[in-house]
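Heads up, the thing below is written out as structure tokens.
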Amino acid sequence: MDEWGEERAYLQQVTEAVSEELSEIDRRFERGISAADEAAEESVRRLLESRFRTLKRAEGSPYFARIDFLSKKNKEKIYIGKTSVYDRESRAAVTDWRAPISSLYYDSRLGSAVYDSPDGKVEGELLLKRRLTVENAELKGFDDIDVTATDEMLAPYLSVSADTRLKNIVATIQAGQNAVIRADAGRPLIVQGAAGSGKTTVALHRIAYLAYVLGKKFRPEQFLILSSGGFFLSYIAGVLPDLGVEEVPQLAFEDLVRSAVKASFYVSDPSETPADPYKRSYEILADIDAYLATDVSLFSKRTNAAAVYRRFLEQAALPQKDAGRAVASVRKNRLDMDDLAPLLYLRIRTAELADLRVKHVVIDEAQDFTPMQLTVLKTLYKKASFTVLGDLAQGIFGAAEDWESVNRQVWQGNASIVALQKSYRVTAEIMEAANSILGRLPGVPQGEAVVRRGEAVTYTDVWGEDDRAAACVAAVKRRAGHKNIAVLLSQPSLCHGFARLMQKKEPSMAPGGERPLRVITSRDGTYEGGLCLLPAALSKGLEFDAVIVADADHYPKNELGTKLLYVAMTRAMHTLDVMYEGSF
């Protein structure tokens with residue numbers, strides 16, 4: 001039998017095995033679940049339902065790779081997929097990508113190879129490394145490769161359109177990403193990841209990996225994903241279920257504080273609120289401790305933390321003008337982002353609050369968290385290990401300055417720090433343009449694009465807002481072949497007015513038009529793709545086929561303005577148009 005025939009025959013076997021297991025789960029439900037008690041019955045039911053959903057997701061594409069490995073004991077032919085599949089004799093027909101032996105596909109070349117198993121290192125020879133494309137239970141193609149997971153393996157995946165949600169990347173995990181995913185869960189891990197380096201998908205795959213290897217110790221609900229904003233969380237929500245991991249809590253920091261404090265409040269847009277150095281400092285925590293020490297009656301789970309925080313601010317060592325504004329905001333149930341960590345700390349202290357259920361916390365966009373905020377979170381989740389991922393070049397809220405100081409202040413230097421600096425999102429032309437802007441800030445880590453060439457970045461000098469809107473309309477038309485196009489502005493306050501100006505120039509972009517231009521604000525819960533206009537700060541973490549930076553001249557040339565412009569430019573996968581008046 002030729003290789004195509006062999007691969008098709010094996011796919012048929014696996015497809016039948018998946019179908020048989022799905023049918024068996026159906027039969028078990030038809031017969032009724034029996035267990036020792038009601039709680040055990042519910043647990044079995046949930047496990048079967050989760051397994052059924054996982055198999056259904058893998059049904060059309062049960063695996064993506066094959067390796068042949070010769071060890072001292074035997075020769076193994078291993079197919080790698082999102083989840084394990086077993087034949088009638090309970091032999092592994094497909095091996096989970098998280099299994100130790102699967103790391104050979106990501107990390108090793110043909111020839112001598114070794115992987116870490118629970119019983120120690122296994123040495124042998126990697127005889128075959130094959131990438132397979134399976135869609136709708138049909139073999140579309142395969143090719144044999146003799147590389148570690150590098151740019152060559154990514155070539156078929158880099159030219160696709162941006163999606164409205166993040167994708168899982170099990171078929172394209174790179175060696176550096178694989179090291180982060182499989183890193184020791186017991187030691188804090190800090191990941192510096194350039195724009196487009198895949199740090200968010202790596203974070204989610206790390207959770208899936210840890211859930212697999214620590215399944216007997218951790219339940220999915222004992223993991224926690226935290227981010228600085230809730231809008232971004234809707235973008236990543238679908239990845240973990242696709243990987244067969246469900247019920248992992250995903251929270252914006254402000255929602256975590258609302259839940260812990262048991263209060264409802266509105267948080268001001270951080271891009272429109274000046275940073276408060278005092279409220280970001282460890283000094284405020286010491287002052288809260290001193291304030292609480294004056295009244296032991298405050299140490300109760302019934303204490304109104306928000307009210308106590310307001311009284312604390314009235315006497316805190318703030319400039320009088322700032323103190324007045326801060327107190328007024330708390331009274332109106334409107335907090336700044338910098339109020340959240342001190343308020344949470346006060347709640348932790350007065351209620352002796354500690355969440356011991358959470359065993360591992362993943363913090364994405366960690367450059368937006370100050371060391372003090374991270375310390376407060378470490379105090380709340382005192383039994384948890386941490387993985388934090390961010391990009392200092394995208395630190396638009398001036399929180400983290402460098403990871404070494406974060407490590408010293410939060411983890412006493414005990415965290416591992418690794419870098420993912422290669423960007424898989426942008427073309428070489430876009431990365432070169434973005435790095436030229438970032439070059440204004442010596443010492444800030446720059447991204448490195450994979451070798452994917454594209455169109456040159458287009459720069460248009462405009463004259464006034466009317467001409468700016470016309471230029472943006474022309475750019476949208478020029479990029480009409482792309483599915484997801486974003487017009488990015490420097491300030492949230494400019495968005496609605498500029499959208500109306502563009503819609504006046506081009507009626508098809510008006511609501512109800514052929515291709516409506518949707519304005520996205522921080523109050524929106526989801527990103528639905530298409531043609532949209534939003535502030536650059538809100539685009540952080542997202543990606544689009546085409547990006548139009550509408551007002552490059554409006555970004556200040558200071559540190560935060562430079563980083564925000566870098567964020568805007570690196571959202572583009574394929575084309576980037578930059579509008580400016582005079583210079584930028």
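The values are calculated or read from the model by the stated rules, or taken from the named source; none is laboratory data. Please read these numbers as outputs of a predicted model, since none were measured by experiment. Neighbour counts are summed over all protein chains in view; Cβ atoms, including those assigned to glycine, are modelled from backbone coordinates with ideal geometry. These accessible areas exclude ligands, DNA and RNA; they are computed on the full protein's heavy atoms, side chains included. Shrake-Rupley method; radii C 1.70, N 1.55, O 1.52, S 1.80 Å.
Residues are listed down the side, and each one gets a yes or a no for (1) under 30 Å from the mean Cα position of the chain (by Cα); (2) assigned to a loop (DSSP other than H, G, I, E, B); (3) surrounded by 14 or more Cβ atoms within 10 Å (Cβ to Cβ):
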| position | (1), (2), (3) |
| --- | --- |
| 483 | yes, yes, yes |
| 499 | yes, no, yes |
| 508 | no, no, yes |
| 512 | no, yes, no |
| 524 | yes, yes, yes |
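Taking the stated definitions as given, is residue 102 open to solvent by less than 20 Å² (accessible area, probe 1.4 Å) and closer than 26 Å to residue 204 by Cβ?
yes
Restricting attention to the range 254-283, the residues that are in contact (Cβ under 8 Å) with a residue 60 or more places away in the chain, in a helix (DSSP H, G or I) and among the polar types (S, T, N, Q) total 1. When residue 495 is tested against (1) in a helix (DSSP H, G or I); (2) touching a strand residue (DSSP E or B) at 6+ places or on another chain (Cβ under 8 Å); (3) open to solvent by 10 Å² or more (accessible area, probe 1.4 Å); (4) more than 30 Å from residue 190 (Cβ to Cβ), exactly one condition is not met: (3).
Filtering the range 41-56 to residues that are touching a residue at least 60 places away in the same chain (Cβ under 8 Å) and either surrounded by 16 or more Cβ atoms within 10 Å (Cβ to Cβ) or out of contact with any helix residue (DSSP H, G or I) (no Cβ under 8 Å at 6 or more places or on another chain) (or both) leaves 50, 54. Looking across the range 529-557, the residues that are out of contact with any Gly (no Cβ under 8 Å at 6 or more places or on another chain) and over 19 Å from residue 492 (Cβ atoms) come down to 529, 530, 545, 546, 557.
If you go through the range 284-312 and keep only what is within 36 Å of the chain's Cα centre (by Cα), part of a helix (DSSP H, G or I) and surrounded by 12 or more Cβ atoms within 10 Å (Cβ to Cβ), you end up with 284, 285, 287, 288, 289, 305, 306, 307, 308, 309, 310, 312.
Yes/no per residue for (1) open to solvent by 10 Å² or more (accessible area, probe 1.4 Å); (2) in contact (Cβ under 8 Å) with a residue 40 or more places away in the chain; (3) more than 19 Å from the chain's Cα centre (by Cα):
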position	(1), (2), (3)
530	yes, yes, yes
545	no, yes, no
564	yes, yes, no
579	no, yes, yes
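Every test in (1) of a type in the set (Val, Ile, Thr); (2) farther than 21 Å from residue 145 by Cβ; (3) open to solvent by less than 20 Å² (accessible area, probe 1.4 Å) is passed by residue 15 save one, and that test is (3). For the range 255-276, taking the residues that are open to solvent by 40 Å² or more (accessible area, probe 1.4 Å) and within 21 Å of residue 379 (Cβ to Cβ), the one that is farthest from the chain's Cα centre (by Cα) is identified as 262. The set of residues in the range 542-557 being assigned to a loop (DSSP other than H, G, I, E, B) and either modelled with pLDDT of 95 or more or out of contact with any Lys or Arg (no Cβ under 9 Å at 6 or more places or on another chain) (or both) consists of 550, 551, 555, 556. Quick check, is residue 393 without any contact (Cβ under 8 Å) to a residue 60 or more places away in the chain and under 16 Å from residue 194 (Cβ atoms)? No. For the range 13-58, a tally of residues being aliphatic (A, V, I, L, M) and at pLDDT 90 or above returns 8. Scanning the range 194-215 for residues that are open to solvent by 10 Å² or more (accessible area, probe 1.4 Å), closer than 11 Å to residue 181 by Cβ and either hydrophobic (A, V, I, L, M, F, W, C) or touching a His at 6+ places or on another chain (Cβ under 7 Å) (or both) yields a single hit, 213. Return a yes/no flag: does the range 234-245 have any residue that is modelled with pLDDT of 90 or more, in a helix (DSSP H, G or I) and crowded, with 20+ Cβ neighbours inside 10 Å. Among the residues of the range 234-245, not one is modelled with pLDDT of 90 or more, in a helix (DSSP H, G or I) and crowded, with 20+ Cβ neighbours inside 10 Å, which makes the answer no. Of all residues in the range 57-92, which are open to solvent by 80 Å² or more (accessible area, probe 1.4 Å) and polar (S, T, N, Q)? Within the range 57-92, just 90 meets the criteria.
Hey, can you tell me all the residues within the range 421-431 that are at pLDDT 95 or above and open to solvent by 10 Å² or more (accessible area, probe 1.4 Å)? Matches in the range 421-431: 429 only.
So residue 446 passes all but one of these: (1) surrounded by 15 or more Cβ atoms within 10 Å (Cβ to Cβ); (2) more than 26 Å from residue 527 (Cα to Cα); (3) in contact with a strand residue (DSSP E or B) (Cβ under 6 Å, 6 or more places away or on another chain). Which condition number does it fail? Every listed condition holds for residue 446 apart from (3). Can you confirm whether the range 345-364 contains a residue that is among the aliphatic types (A, V, I, L, M), in a helix (DSSP H, G or I), at pLDDT 95 or above and under 25 Å from residue 204 (Cα atoms)? The answer is no, given that none of the residues of the range 345-364 is among the aliphatic types (A, V, I, L, M), in a helix (DSSP H, G or I), at pLDDT 95 or above and under 25 Å from residue 204 (Cα atoms).
Please indicate, with yes or no, whether at least one residue in the range 499-512 is of a type outside the set (A, V, I, L, M) and either closer than 20 Å to residue 430 by Cβ or touching a residue at least 60 places away in the same chain (Cβ under 8 Å) (or both). Explain how you work it out, then say what you get.
Taking the range 499-512 and keeping what is of a type outside the set (A, V, I, L, M), we get 500, 503-508, 511-512.
After this cut, where a residue has to be either closer than 20 Å to residue 430 by Cβ or touching a residue at least 60 places away in the same chain (Cβ under 8 Å) (or both) as well, the list is none.
No, that holds for no residue.
Taken over the range 406-439, the criterion of being more than 15 Å from residue 394 (Cβ to Cβ), in contact (Cβ under 8 Å) with a residue 12 or more places away in the chain and of a type in the set (Lys, Arg) is satisfied by 422 alone.
The number of residues in the range 387-410 that are of a type in the set (Ser, Thr, Tyr) and either under 20 Å from residue 203 (Cα atoms) or surrounded by 22 or more Cβ atoms within 10 Å (Cβ to Cβ) (or both) comes to 1. Inside the range 339-367, can you point out the residues that are within 25 Å of residue 404 (Cβ to Cβ) and open to solvent by 20 Å² or more (accessible area, probe 1.4 Å)? Correct list: 345 only. Selection of first residues in the range 464-475 that are surrounded by fewer than 16 Cβ atoms within 10 Å (Cβ to Cβ) and of second residues that are part of a helix (DSSP H, G or I), restricted to Cβ pairs under 7 Å at least 6 apart or on distinct chains, gives the following pairs, ordered by first then second residue: 465/501. For residue 551, the conditions (1) under 22 Å from the mean Cα position of the chain (by Cα); (2) open to solvent by less than 10 Å² (accessible area, probe 1.4 Å); (3) over 18 Å from residue 456 (Cα atoms) are fulfilled apart from (1).
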